[in-house]
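These notes are about the structure you will find just below.
The values are calculated or read from the model by the stated rules, or taken from the named source; none is laboratory data. Worth saying up front: this structure is predicted, and the values here are computed from it rather than measured. Heads up, the Cβs are rebuilt from the backbone with ideal geometry, glycines too, and the neighbour counts pull from every protein chain shown. Surface accessibility is based on the protein's heavy atoms, side chains included, excluding ligands, DNA and RNA. Shrake-Rupley method; radii C 1.70, N 1.55, O 1.52, S 1.80 Å.
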Amino acid sequence: MKSAPLAAVCLGLLLSCTCWAKPNGPKGKKPKQVIPAIECDVRAGKINLPEFIAKCPAHCKETKQQVYGSGVFASISSICNAAIHSGVITNAGGKVIVKKMAGQNIYKGSSSNGVRSLSLPKWRESFVVTVGKPKKGVIYPATLDYVPSRPTYVKTSQKEAKSPPVTTELPTAAAPEPTTTTTPQPSSTSSTTLAPSTPPPTTPPPTTPPPTTTKARAAVHKVRDAGNGHPYLASEPSASSRQQPHNGPGGSGPVFRGATYLNRFAQRTSAGQRRPEPGATIRRQPSSPAGPAFPRRDWPPASFPRPDWFPGTRHPADVSYAAPDSGYTWTETDTPGITVPRAPDSDGGRKVPLDTTYTRVEPVDSWRPDASIYQSGYNVREEEPAARVPEPASQGAPECKVDLVFLMDGSWSIGKRRFKIQKDFLSEVAQTINVGVTGPVMGVVQYGDEPVTEVSLKSASSSRELRSAIEKITQKGGPSHVGKALGYINKQFFSDANGNRGGAPNVAVVLVDGWPTDKVEEASRLARESGINIFFVTIEGADDVEKKNLIENDFVDKAVCRTNGFFSLPVSSWFALRKLVQPLVKRVCDADRLVCSKTCLNANDIAFVIDGSSSVGTGNFRTVLQFVANITREFEISDTDTRVGAVQYTYEQRLEFSFTQHGNKADLLNAVKRIDYWSGGTSTGAAISYAAEQLFSKSKPNKRKIMIVITDGRSYDDVRQPALAVHRQDVIAYAVGIAWASQDELEYIATDPDKEHAFFVDEFDNLYKFVPKIVNNICQEFNSQPRN
């Protein structure tokens, strides 16, 4: 008889062990990466993801989808052809990972892996492509979002109400109040209470407001609704977003429980004191990042009626004339007998005793200006002071429109006293130069061991702000690494992010105590080639004995824009530095003498002389126009920068457009595209003379004159005399021959040395190879000009 219970116990233990041994569910499998497929024409900018994986099909190279840039591509480029260009995949297709990044100021075109990428001066977004092998644990989206997502806002619905809403009207409110359920109270005045389980019958509100005689200042968090057009929310929310109020202990005021604001544009619930539940902990939440941060006290106060259940004196109309808010907020405490202090007003200095079982008063220090209206407690909105009108932005001196940076010496060699003299000098320059949006802007970089931006070009919009920023600069110390500082301003400081305006000359003034502790020649050369006008102010320079300690002799002449004395200002003593303010300001504002602002890309008049003879053909002529457009893209085009004209010729000549006809790059490229193929014979010599007469005779004196002749055959007329004539006019001539062009004629046309200016290619499709060669040669010749 005892064996049966024993067997049952053993069976139970066995089943129990089996249940414990059984896993809770199937073993988790590693999620599989789903790779979405894309077409050859899909551009990175079409996909609204910062990083994603995709699969390219085969034969994208044949589609000729355009690519802009090398290594880093503009987002208007074909993803698949960019991947082929980078060598990430072959023309057979494959998987790629695309990562987006910030836009670049310039995208250089190149030819790689059978894909020719084009140059682009600037674009808002870039991307790079890598091999489509995700890192361990990284899962990319399985689908690609081709349409930018619009922000969606969650709206509450009527279904969210926890109890049947009943509207209760307040006697003097202009707008409907939140839905409430009420229960009869033994006192003469009714108050709203949340029913514990089932909704009790509703009762009408009192016909008159409570007969209180004091005006309590339940001043609370001074916050604004970042999503509403006005800081004061006078209207009431919909029933779906309202909460059921109930009286706190003692009937001192309503309490809102479980208030949830799903939509940052939803309006505030009706005003009233917010009391916590017993034992609850009140936490001040950080402000919501959803809306913009508005400055404090921006708007005049709104007029709205004070709720009837507010425990204080009620004015008949509004509180727009009340005294300024005293800044108190309701929070949790156990201390009894506390009254709410308020600022003096027309009612006198009376206080209103309140039930304090769950409340206490905190001082104004607990108010935080960044708190969100939906995360703070109940607000009583009182009159705000009139908004302070911001100081209008300074316009500056328009006759001195430069982007200026001072490289101040922060090395230990100058000491604290001379560092203070240096700051005073910069402050006086800032006052004299009259900083403003249409005039000069000024920044400061302190150098020592490492350069540091103290004031960027966009940090100060007026001389007053700039002087205040200069006053806060502290000495960093270290050696005098001027060369490193010049490289820093070239690569980082004069950027769009730092406020470089592009249309104003870039000027750098270097203040150096004695001499630099590193070499400056190479960094200065690169800065000059980028268009930066470098001035040197040397204080207490090296004497004959100290010159033996110099790392680089004649460092000033190797660094400045020109060695004619205009860009170098030696000062015998730090105490004489102040006398330099006016002369220095006059020089940096002399735009005509800031010659380093002219670069190889913005100081040319370029004339294209294009063969339109019958041997070229319509298709090849379009290829020639693409070659012209690719060269044009490399330059800065405007009325004051590089200008471009074009002549097409057969037996006759036709001016397609002059230097002054197209003042921006977009119009110019469209004009090149619209050139119609002419067809006829080949008179290259006459075309060169025609270009000299129609274009170069109207060239500006400060422009470098460049002629690029493109022909596919031998000329029917002589080219020697016309070529010599344009050479005498200081025109730099390039000759590009295709197919049947004569090599000796190309050498006659081209400026010496021929190998740098004459090019031959056997097929029109290979013309693109000469774009970087021609542009690089133009820049090398420009930068090799004498600097005296």
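From the list LEU511, LEU457, which residue is open to solvent by less than 10 Å² (accessible area, probe 1.4 Å), within 22 Å of LYS586 (Cβ to Cβ) and assigned to a loop (DSSP other than H, G, I, E, B)?
Details: LEU511 fails: assigned to a loop (DSSP other than H, G, I, E, B).
LEU457 is the lone residue from the list that is open to solvent by less than 10 Å² (accessible area, probe 1.4 Å), within 22 Å of LYS586 (Cβ to Cβ) and assigned to a loop (DSSP other than H, G, I, E, B).
Conditions (1) under 22 Å from the mean Cα position of the chain (by Cα); (2) open to solvent by 60 Å² or more (accessible area, probe 1.4 Å), marked per residue:
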site: PHE52; (1), (2): no, no
site: LYS55; (1), (2): no, yes
site: GLU62; (1), (2): no, yes
site: TYR68; (1), (2): yes, no
site: ASN81; (1), (2): no, no
site: THR90; (1), (2): no, yes
site: ALA102; (1), (2): yes, yes
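Just name the residue that is most open to solvent (accessible area, probe 1.4 Å) out of those in the range 118-140 that are in contact with a Gly (Cβ under 8 Å, 6 or more places away or on another chain) and closer than 16 Å to VAL42 by Cα.
Our first condition is that a residue be in contact with a Gly (Cβ under 8 Å, 6 or more places away or on another chain); within the range 118-140, this holds for 118-120, 122-126, 128, 132.
Those still in the list that are closer than 16 Å to VAL42 by Cα too: 125-126, 128.
Numbers: GLU125: 54, SER126: 0, VAL128: 36 Å².
The extreme case among them is GLU125.
Does the range 109-125 contain at least one residue that is assigned to a strand (DSSP E or B), of a type in the set (Phe, Trp, Tyr) and closer than 30 Å to ASN500 by Cβ? If you could, list the steps in order and put the result at the bottom.
Taking the range 109-125 first, the residues assigned to a strand (DSSP E or B) are 111-112, 115-116, 118, 120, 125.
Narrowing the set further to residues that are of a type in the set (Phe, Trp, Tyr) leaves none.
Checked against the condition, which is being assigned to a strand (DSSP E or B), of a type in the set (Phe, Trp, Tyr) and closer than 30 Å to ASN500 by Cβ, the range 109-125 yields no hits at all.
Applying the selection to the range 412-422, what residues are open to solvent by less than 20 Å² (accessible area, probe 1.4 Å) and under 36 Å from the mean Cα position of the chain (by Cα)?
Taking the range 412-422 first, the residues open to solvent by less than 20 Å² (accessible area, probe 1.4 Å) are 414, 419, 422.
PHE419, GLN422, listed by residue number.
Collect the residues in the range 583-625 that are touching a residue at least 40 places away in the same chain (Cβ under 8 Å), closer than 25 Å to ASN783 by Cβ, in a loop (DSSP other than H, G, I, E, B) and open to solvent by 30 Å² or more (accessible area, probe 1.4 Å), keeping them in residue-number order.
LYS598, LEU601
So which residues in the range 561-580 are open to solvent by less than 40 Å² (accessible area, probe 1.4 Å), free of Cβ contacts under 8 Å to residues at least 60 places away in the same chain and within 28 Å of PRO505 (Cβ to Cβ), if there are any at all?
Our first condition is that a residue be open to solvent by less than 40 Å² (accessible area, probe 1.4 Å); within the range 561-580, this holds for 561, 565-569, 571, 573-574, 576-577, 580.
From what is left, the residues that are free of Cβ contacts under 8 Å to residues at least 60 places away in the same chain are 565-569, 571, 573, 576.
Scanning the range 561-580 gives GLY565, PHE566, PHE567, SER568, LEU569, VAL571, ALA576.
How many of the residues making up the range 693-711 are more than 12 Å from ASP605 (Cα to Cα) and either open to solvent by less than 40 Å² (accessible area, probe 1.4 Å) or not in a helix (DSSP H, G or I) (or both)? Can you show your working first?
So the first thing to find is which residues in the range 693-711 are more than 12 Å from ASP605 (Cα to Cα), and the list is 693-694, 709-711.
From the residues that got through so far, the ones that are either open to solvent by less than 40 Å² (accessible area, probe 1.4 Å) or not in a helix (DSSP H, G or I) (or both) too are 709-711.
Of the residues in that region, 3 qualify.
hydroxyl-bearing (Ser, Thr, Tyr), touching a helix residue (DSSP H, G or I) at 6+ places or on another chain (Cβ under 6 Å) and either outside any helix (DSSP H, G or I) or assigned by the TED database to the domain that holds GLU656 (or both): which single residue out of TYR734, TYR716 fits that description?
Working: TYR716 fails: touching a helix residue (DSSP H, G or I) at 6+ places or on another chain (Cβ under 6 Å).
Matching residue, one of TYR734, TYR716: TYR734.
Quick check on this structure: which one of LEU746, LEU724, LEU669 is in contact with a helix residue (DSSP H, G or I) (Cβ under 6 Å, 6 or more places away or on another chain) and not in a loop (DSSP other than H, G, I, E, B)? I'd like the intermediate steps shown before the answer.
Numbers: LEU746 fails: in contact with a helix residue (DSSP H, G or I) (Cβ under 6 Å, 6 or more places away or on another chain); LEU724 fails: in contact with a helix residue (DSSP H, G or I) (Cβ under 6 Å, 6 or more places away or on another chain).
Exactly one of LEU746, LEU724, LEU669 is in contact with a helix residue (DSSP H, G or I) (Cβ under 6 Å, 6 or more places away or on another chain) and not in a loop (DSSP other than H, G, I, E, B), namely LEU669.
So SER149 fits all but one of (1) among the small types (Gly, Ala, Ser); (2) modelled with pLDDT of 90 or more; (3) open to solvent by 80 Å² or more (accessible area, probe 1.4 Å); what number is the exception?
Every condition holds for SER149 apart from (2).
Here's the yes/no breakdown for (1) outside the structural domain of ARG562 (by the TED database); (2) at pLDDT 90 or above; (3) closer than 28 Å to ASN549 by Cβ:
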{"residue": "SER463", "(1), (2), (3)": "no, yes, no"}
{"residue": "LEU466", "(1), (2), (3)": "no, yes, no"}
{"residue": "SER495", "(1), (2), (3)": "no, no, no"}
{"residue": "ASN500", "(1), (2), (3)": "no, no, no"}
{"residue": "VAL507", "(1), (2), (3)": "no, yes, no"}
{"residue": "VAL510", "(1), (2), (3)": "no, yes, yes"}
{"residue": "PRO516", "(1), (2), (3)": "no, yes, yes"}
{"residue": "ALA523", "(1), (2), (3)": "no, yes, yes"}
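Against the condition β-branched (Val, Ile, Thr), at pLDDT below 90 and outside the structural domain of ILE637 (by the TED database), how does THR90 come out, does it pass?
Values: β-branched (Val, Ile, Thr): yes; at pLDDT below 90: no; outside the structural domain of ILE637 (by the TED database): yes.
So THR90 fails the test.
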